[in-house]
Amino acid sequence: MMQLGQDFMFSAARKLPSAKGTPLHGHKYRLRVVVKGDLNEDGMITESATIRKITQDLVLKRLDGSYLND
């Protein structure tokens with residue numbers, strides 16, 4: 001079994017609800033996606049482009065530039 005990892009960056013804003021008077025502020029986040037599996041006939045688990053597309057469609061489109069308290 002092999003594994004393939006890719007890192008992605010996104011920015012999002014948040015506010016700490018427990019700290020009164022804390023202003024809305026943003027952070028840059030790193031998301032690490034790791035795929036595990038057996039090698040196919042091409043000697044790969046999957047295409048890197050496939051991981052990028054799935055991560056973009058399911059995660060980054062929703063979180064990048066978002067307000068995380070929603």
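Readers should treat all values here as calculations from the given coordinates under stated rules, not as data from a laboratory. Computed from a predicted structure; not experimentally measured. Ideal geometry is used to build each Cβ from the backbone, glycine not excepted, and the neighbour counts take in all protein chains shown.
Here is how the number arises for the chain: DSSP H runs of 4 or more residues each give -39500 (n - 2.57), the sum is divided by the residue count, and the result at 222 nm is -3000 deg cm²/dmol. Amide H to amide H distances under 5 Å link ILE45 with ASN40, where only residues 5 or more positions off or on other chains count and H is placed in the peptide plane.
Only the Cβ atoms of Lys and Arg (+1) and of Asp and Glu (-1) were treated as charged; on that basis the dipole of the chain about its Cα centre amounts to roughly 640 debye.
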